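Chemist: Just dropping this structure here.
The values are calculated or read from the model by the stated rules, or taken from the named source; none is laboratory data. Computed from a prediction, not measured in an experiment: that's the story for all the values here. A quick note on method: Cβ atoms are made from the backbone with ideal geometry, for glycine too, and the neighbour counts reach across all protein chains shown.
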Amino acid sequence: MPNKIQFSQKQIAIMTIGLSFILALVTSLVVANMVHSSQTNSSHEMTKSSQKLMVHISSGVDEPHAIMMGLNKALKAREAGLDVFVYADVKATDIMLAKTDIAFADFPSSQKLVNQLIDSGAQVYVCPHCLMVNGGKMNEVIPGVRELTMDNMISFMNEGGVTALDY
């Protein structure tokens, strides 16, 4: 009959701590290797598809040039393959209303630009609080314009590679 080995509570505690340390070390090494492999395999893929542009428009209808520049730059970036996030707040919420259409210089109208952005797959948002302060409601915005939340903004930014323009 085999001999039974008896361990004291102290010995068991030391072995448990040692095994926990080894498990944590192995897990850390596996995760570090996965991250390194992911970065190595995708580092050459930092192309247009992984670049992002966030366009913040806060200028009101009294500054049509700034509004049109923001919308136009966003559309050009989207056409170039960038992931685009546009949000209007402060005075710019009016440009997201279905009843508002601004014409300026040789730009397409504001509504046409917003619709082209939405159709192209850009994420277009309006600040609901700023919209309300300016007398608008979410049910009055151009179809496809979404309500800005901190979650959708932070989610876009946390993925990295974001360049921001402010109009």
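Chemist: I'd like the full set of residues that are within 21 Å of the chain's Cα centre (by Cα) and either aromatic (F, W, Y) or in a loop (DSSP other than H, G, I, E, B) (or both), limited to the stretch 58-72.
Modeler: Within the stretch 58-72, just S58 meets the criteria.
Chemist: Suppose we filter A66, A77, A105 for residues that are over 18 Å from L165 (Cβ atoms) and of a type in the set (A, V, I, L, M); which single one remains?
Modeler: A105 is the lone residue from the list that is over 18 Å from L165 (Cβ atoms) and of a type in the set (A, V, I, L, M).
Chemist: Can D119 be described as acidic (D, E) and more than 15 Å from M68 (Cα to Cα)? Let's see the steps before the verdict.
Modeler: Details: acidic (D, E): yes; more than 15 Å from M68 (Cα to Cα): yes.
Yes; evaluated as a whole, the condition is true for this residue.
Chemist: Scanning for something free of Cβ contacts under 8 Å to residues at least 60 places away in the same chain and either out of contact with any helix residue (DSSP H, G or I) (no Cβ under 9 Å at 6 or more places or on another chain) or closer than 14 Å to M54 by Cβ (or both), does the stretch 93-105 turn up at least one residue?
Modeler: Checked the stretch 93-105: no residue is free of Cβ contacts under 8 Å to residues at least 60 places away in the same chain and either out of contact with any helix residue (DSSP H, G or I) (no Cβ under 9 Å at 6 or more places or on another chain) or closer than 14 Å to M54 by Cβ (or both).
Chemist: Let me ask something else about it. Quick one: in the stretch 136-158, of everything that is within 14 Å of the chain's Cα centre (by Cα) and assigned to a loop (DSSP other than H, G, I, E, B), which residue is modelled with the lowest pLDDT?
Modeler: Applying the filter and picking the extreme gives T149.
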